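These notes are about the structure you will find just below.
The values are calculated or read from the model by the stated rules, or taken from the named source; none is laboratory data. Note that the structure is a prediction, hence the values are computed from the model and not measured. With ideal geometry, Cβ positions are generated from the backbone for all residues, glycine too; neighbour counts draw on all protein chains shown. Each accessible area value is taken on the protein alone, full model and side chains, heavy atoms only, with ligands, DNA and RNA left out. Shrake-Rupley method; radii C 1.70, N 1.55, O 1.52, S 1.80 Å.
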Amino acid sequence: MPQHDDTTSGPAVLWLALGILLAGLGTVLLGPILPAVSLRWHLTDQQTGPLFFAKFVGSFIGGISVPRKLRYGILSGTILSTLGFGAFGLATGLLTGALTLFIAGIGLGQIIASTNILAGHRYTHHTGSALSSLNFFFSLGAVLTGLIVAALEPRFGLRNLLFYLAAAYLATGLGGRLNWIKPTPTPTPPLDPEPWALNPLPHKLTRTTLLRFALYLFLYGGLETCLAGWLTTYTLRYSDAHLIGNQSAVILLLIALTTGRALSSIALRFIKEPTIQRLGLVLSFLSIIGLSTAHHATALSLWSIALGLSLAPFFPATFALLMHRNPTAREAGFILAVSGLGAAAFPWLMGTVSTHTGSLRIAMTVPATLALLLLAVSFLRSEPTKTTA
């Protein structure tokens with residue numbers, strides 16, 4: 001049926017995995033390179049805010065502009081990411097840097113939203129597990145970012161590193177375009193289906209449900225980006241040992257996040273999504289408190305690992321809950337795009353708090369508060385979606 005072709009046809013799974021891996025790399029790239037960019041352009045913590053803001057506002061626009069034929073969203077996303085990151089390598093200051101990151105952000109938003117929605121429609125059985133497996137590669141890309149920056153930036157320079165990244169996006173986009181497939185999804189509802197599972201075709205969500213999931217992703221986008229974006233700088237200022245170019249803490253965080261996604265793929269086959277979602281949020285809050293009080297490299301490293309493991313199941317569990325309600329591609333894209341607004345606003349807020357208080361430790365209250373707000377939202381009940389005749 002045409003509807004199935006529109007929502008499930010696109011790059012084969014190998015190219016989906018490569019594309020989402022590069023999206024993970026591009027999403028967290030600004031954090032590991034932030035000290036070098038700030039030094040080169042003489043920026044304060046507060047002045048770096050527009051870079052985060054521009055990139056993730058671009059991601060929001062990319063998410064809300066997801067086309068009905070998701071394969072074209074993936075292709076256009078890789079092209080825009082190529083242009084954006086390549087141009088960022090040529091940027092000479094805050095204005096041009098923000099503009100080029102805005103373009104790259106649009107591309108990332110297209111890739112992330114289109115790929116997750118496409119996977120949600122393709123893999124209708126154990127959706128949470130499938131999304132967790134896919135997002136393992138997103139987290140793997142994020143892990144590789146710190147390693148790549150630490151290993152290659154001193155040797156080749158930031159500009160060449162960005163050019164290589166742009167070329168990788170282009171190659172992946174073209175490879176996926178040459179290997180499009182058209183699988184036919186086979187919906188398999190759970191034994192005791194919820195009201196929304198009775199109608200397998202996409203349809204509009206209720207306003208309450210739409211707002212609830214938008215709030216989830218808005219807050220979570222801010223939470224994860226605050227940590228990935230500022231942890232390198234936090235390590236540089238407060239750790240008594242600086243390993244791998246000050247990237248050790250963020251690398252451990254992202255390795256734990258990646259490992260947690262793999263474990264979540266298994267856990268979500270046996271544990272209900274809301275349960276694993278709430279447990280992860282409680283542990284995340286406790287880990288952030290521990291991180292904000294750490295004074296030594298060992299403690300900081302252990303809390304970073306705990307934080308990555310606890311954050312891992314939230315996105316796949318939450319997005320699976322959304323996909324169970326069969327949203328339209330535009331609705332799911334909007335909800336994913338809202339995470340870009342949170343990722344734009346809260347790291348900026350964190351930088352502002354750090355500048356005005358003179359302490360990045362105090363600014364850690366921003367992600368801690370976000371974890372508590374997410375936990376509170378998880379106990380709100382949304383209306384079941386209405387089935388159509």
Pairs with Cβ under 7 Å, 6+ apart, first in the stretch 136-151 and in contact (Cβ under 8 Å) with a residue 40 or more places away in the chain and more than 19 Å from residue 116 (Cβ to Cβ), second surrounded by fewer than 24 Cβ atoms within 10 Å (Cβ to Cβ) and of a type in the set (Gly, Ala, Ser): 150/245
Lone unmet requirement of (1) part of a helix (DSSP H, G or I); (2) at pLDDT below 85 for residue 276: (2)
Positions within the stretch 67-77 being open to solvent by less than 10 Å² (accessible area, probe 1.4 Å) and at pLDDT 85 or above, in sequence order: 73, 77
Count - residues of the stretch 46-63 that are in contact with a Gly (Cβ under 6 Å, 6 or more places away or on another chain), within 27 Å of residue 330 (Cα to Cα) and either open to solvent by 30 Å² or more (accessible area, probe 1.4 Å) or outside any helix (DSSP H, G or I) (or both): 1
In the stretch 14-44, the residues that are surrounded by fewer than 22 Cβ atoms within 10 Å (Cβ to Cβ) and not hydrophobic (A, V, I, L, M, F, W, C): 35, 38, 40, 42, 44
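Residues 340, 308, 290, 351: which one is open to solvent by less than 10 Å² (accessible area, probe 1.4 Å), without any contact (Cβ under 8 Å) to a residue 24 or more places away in the chain and touching a helix residue (DSSP H, G or I) at 6+ places or on another chain (Cβ under 6 Å)?
Only one candidate qualifies: 290.
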Residue that is farthest from residue 330 (Cα to Cα) [pool: residues in the stretch 64-90 that are of a type in the set (Lys, Arg) and part of a loop (DSSP other than H, G, I, E, B)]: 69
Filtered residues of the stretch 138-176 (kept if closer than 23 Å to residue 255 by Cα and among the small types (Gly, Ala, Ser)): 139, 141, 142, 146, 150, 151, 168
Matching residues in the stretch 257-266 - criterion: being crowded, with 22+ Cβ neighbours inside 10 Å and of a type in the set (Gly, Ala, Ser): 260, 264, 265
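For every residue, the table says whether it meets (1) closer than 22 Å to residue 171 by Cβ; (2) more than 15 Å from the chain's Cα centre (by Cα); (3) modelled with pLDDT of 80 or more.
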site: 1; (1), (2), (3): no, yes, no
site: 10; (1), (2), (3): yes, yes, no
site: 29; (1), (2), (3): yes, no, yes
site: 33; (1), (2), (3): yes, yes, yes
site: 42; (1), (2), (3): no, yes, yes
site: 50; (1), (2), (3): no, yes, yes
site: 54; (1), (2), (3): no, yes, yes
